[in-house]
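Input: a single structure, listed below in structure tokens.
The numbers here are math on the coordinates, done by the rules we state, and not lab data. Remember, it's a predicted structure, so these values are computed and weren't measured experimentally. Every residue, glycine as well, gets a Cβ built from its backbone with ideal geometry; the counts of neighbours run over all protein chains shown.
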Amino acid sequence: MAIVYQTDKRSGITYAYEVHFILGQRQAPIPIQRTLIGRVDSKTGKIVPTDGRGRKNKEAHTVAKRGPVPSVQTSRYFYGATYLLDQIGANTGVTEDLKACFPDKYRQILSIAYYLVLEDSAPLYRFEKWSHLHKHPYGQNITSQRSSDLFASITEDAKYKFFQLQGKRRTEKEFWPMDITTISSQSRTFETGQYGWNKETDHCLS
């Protein structure tokens, strides 16, 4: 087998052929089959596949037709209520202030807050099921252990900073009522009690 070049005198195009031989008498090669490979590019000298009528090989230049692409994954979420909470968080500055105080955790905090608002009677271990059905800021499941770790990581300083930022956003007509009622106790096993000032000024746990 050999590649043979032949120039068309009318068009001046050089074609390349693949020629198969057999050995005849005195071992002389005799061509038995010739197959067109393509035309020779006059600039690069490379063989360009062609069908012999001046057109490039259709198979080599087939353009994929555009059409519908099959969906790899489908999902369905409830978004109405969480969208409302998104807007409330944006308008009140809650989302921005949470991001300032908890840059790495604010999305998780928002998602848990959304869940507690929309599912007020449901325990946190059911967050996974709710997460699969609702669009929320974090967008992923938060296990009970992770939520416990999240709550434990929130410091008093960070909470104080958040309320400071929120306080600056409040107008003069707004106010925060605070209950300063105390309950005194002389128990020595009351772990949540603390020594402090109360209206009666007695020296008891309150």
- Label zone at GLN166, where the point sits 7 Å out along the Cα-to-Cβ direction: the range 71-112 residues whose backbone N lies under 12 Å: 89, 92-98
- Item | Nitroxide proxy distance, nm - points 7 Å out along Cα→Cβ at ARG126 and LEU84 | 1.9
- Item | Additional length obtainable on full extension of the chain from ASN141 to ILE183, 0.36 nm per residue less Cα span | 11.1 nm
- Message: Within a 10 angstrom radius of the beta carbon, how do THR44, THR92 rank from fewest other beta carbons to most?
- Response: THR44, THR92
- Normalised by the residues of the range 94-166, what does the relative contact order come to in percent, with Cα pairs under 8 Å and at least six apart? 39
- Assuming R0 = 22 Å, what is the FRET efficiency of THR155 and PHE175, from their Cβ-Cβ distance, to the nearest 0.05? 0.25
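From the C-alpha coordinates alone, can you work out the Kirkwood hydrodynamic radius of the range 80-169, in Å?
Kirkwood radius, the range 80-169: 13.6 Å.
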- Message: Neighbour counts of other C-beta atoms within 10 Å: give me LYS168, LYS173 arranged from fewest to most.
- Response: LYS173, LYS168
